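I have placed the structure first, in the form of structure tokens, so that the comments after it can refer back to it.
The values are calculated or read from the model by the stated rules, or taken from the named source; none is laboratory data. Given the structure is predicted, the values throughout are model-derived calculations rather than measurements. As a convention, Cβ positions derive from the backbone with ideal geometry for all residues, glycine included, and neighbour counts pool all protein chains shown. Accessible surface is based on the protein model in full, side chains and every heavy atom, while ligands, DNA and RNA are left aside. Shrake-Rupley method; radii C 1.70, N 1.55, O 1.52, S 1.80 Å.
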Amino acid sequence: MKLLTHNMMKSHCKGVTNGFPLKLSSTKVDVKEVEFNADFITRMLDRLEWGALVEAARQLGVGDSLPEMAPEEGGDEELLRSVHHVLLEVEVTEGELECPETGRRFPIRNGIPDMRLNEEE
Amino acid sequence: KQWYQRRVRVLSIGCAMLGAGHVTALEVDPDAIEDLAGNLEEYEMDNVDVVQCDVTAPSSFKEGVFDTAIMNPPFGTKNNEGIDMVFLDRALELCRGSVYSFHKSSTREFITRRMESRGYHVTVLAEMKFSIPQMYKMHRKKEVLVDVDFIRVARER
């Protein structure tokens with residue numbers, strides 16, 4: 001699971017008013033090179049919740065290259081590459097997502113989060 | 001598994017190969033996920049994320065986070081009527097742009113009316129025949145050809 005995906009996800013537990021962001025913890029993280037696409041990263045900038053991205057990146061130990069505030073549109077290439085790295089090149093292979101309100105945990109195995117709830121939930 | 005026995009999960013791979021910035025595959029069935037993960041590895045896809053979730057349940061994704069969706073939803077059977085509509089509704093909720101999907105041609109009028117009444121525009125991009133193998137005892141033939149539309153559901157601009 002990449003941090004771009006984490007930034008798009010929320011908890012769907014019953015009765016939750018604000019399920020975003022899901023708390024992230026990891027036991028295995030892999031870094032894989034992914035081709036850089038400046039246009040794509042630029043377009044994603046105003047879709048991201050920047051605070052949640054920085055928090056998740058810090059959780060994985062890769063938050064140092066990110067500025068506190070979201071970059072302006074048309075940021076320089078070096079900055080876009082930092083964002084690209086954090087969004088697409090850092091994979092949570094094993095870990096957990098946790099609902100911020102109920103504490104319900106969703107496992108991440110082999111890079112895939114399992115968001116399925118039981119009938120009662 | 002023999003290649004012809006392994007159900008092929010290629011929609012996400014096709015998207016990635018055609019230059020999508022990033023692809024997220026939503027799938028609930030563990031066997032399908034295993035097939036998909038195997039295919040992703042075989043094709044060396046590095047920009048496809050898989051999330052195991054039930055799209056008929058409340059969404060694990062925020063609204064409008066995706067640009068577009070491409071899907072091949074279940075068509076709905078005797079015990080599962082209307083599931084194709086649920087998939088379509090969910091895709092439109094999660095996407096800010098058009099949704100591309102396969103539906104039985106016999107549902108074309110119904111889908112078009114339903115979508116247009118909500119302000120969307122439906123285009124049939126292709127008409128095809130899908131071969132549905134015998135899966136249940138109640139199916140009398142070994143294989144059935146079903147008329148299928150490939151449609152785009154777009155927001156009016």
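With the charge dipole of the stretch A:41-121 set up from +1 on Lys and Arg Cβ and -1 on Asp and Glu Cβ about the Cα centre, the Cα lying farthest toward the positive end among the listed residues A:F106, A:V54, A:V86 is that of A:F106.
Summed over both chains, the area buried between B and A is near 2200 Å², taken from the accessible surface of protein heavy atoms with a 1.4 Å probe. Based on the alpha-carbon gyration tensor of the stretch A:1-49 and its eigenvalue square roots a ≥ b ≥ c, which shape applies: rounded if a/c is under 1.5, prolate if not and a/b is larger than b/c, or oblate? In terms of gyration-tensor shape, oblate. Positive-end ranking of A:G63, A:T17, A:F36 along the dipole of the stretch A:15-121, with charges on Cβ about the Cα centre, is headed by A:T17. With all pairs of different C-alpha atoms in the average, the Kirkwood value for the hydrodynamic radius of chain A is 14.9 Å. Is chain B best put as rounded, prolate or oblate by its Cα gyration tensor, with a ≥ b ≥ c the root eigenvalues, rounded for a/c under 1.5, and otherwise prolate when a/b is larger than b/c, oblate when not? It comes out oblate by the Cα gyration axes. At a temperature of 4 °C and a viscosity of 1.567 mPa s, determine how fast the stretch B:13-100 diffuses translationally according to Stokes-Einstein, using the Kirkwood radius over alpha-carbon pairs as Rh; express D in µm²/s, rounded to the nearest whole number. Rounded, D is 93 µm²/s. Rounded to the nearest 0.05, the FRET efficiency derived from the C-beta distance between B:I132 and A:S25 at R0 = 41 Å is 0.45. Of the solvent-accessible surface of the stretch B:15-114, computed with a 1.4 Å probe over protein heavy atoms with every protein chain present, carbon and sulfur atoms account for 49 percent. Here chain A is treated with +1 on each Lys and Arg Cβ and -1 on each Asp and Glu Cβ, and its dipole about the Cα centre works out to around 520 debye. Applying Stokes-Einstein at 20 °C and 1.002 mPa s to the Kirkwood radius of the protein assembly as shown, computed over alpha-carbon pairs, gives a translational diffusion coefficient of 106 µm² s⁻¹. In this structure, the amide hydrogen of B:V28, modeled 1.01 Å from its nitrogen in the peptide plane, lies closer than 5 angstrom to those of B:C53, counting only residues at least 5 positions away or on a different chain.
Accessible surface for the protein assembly as shown, divided over its residues, is 57 Å² per residue with a 1.4 Å probe. Element breakdown for chain A at a 1.4 angstrom probe: carbon and sulfur atoms account for 43% of the accessible area.
Contact with the other protein chains removes 30 Å² or more of accessible area, compared with the isolated chain and a 1.4 Å probe, from these residues of the stretch A:83-121: A:I112, A:P113, A:M115, A:R116.
Between A:L88, A:L79, A:L24, the residue with the greatest mean-square fluctuation in the GNM of chain A (Cα pairs under 10 Å linked by springs) is A:L79. By the gyration tensor of its Cα atoms, with a ≥ b ≥ c the square roots of the eigenvalues, what is the shape of the stretch B:81-136: rounded for a/c under 1.5, prolate for a/b over b/c, or oblate? Prolate, because a/c is 1.5 or more and a/b exceeds b/c. Using θ = phi - 60° in the Karplus curve 6.51 cos²θ - 1.76 cosθ + 1.60, the 3J(HN,Hα) couplings for the stretch B:38-43 round to x, 5, 4, 5, 5, 8 Hz; x is entered for Gly and Pro. Counting, for every residue in B:21-27, the Cβ atoms of other protein chains within 10 Å of its Cβ and taking the mean gives 4.
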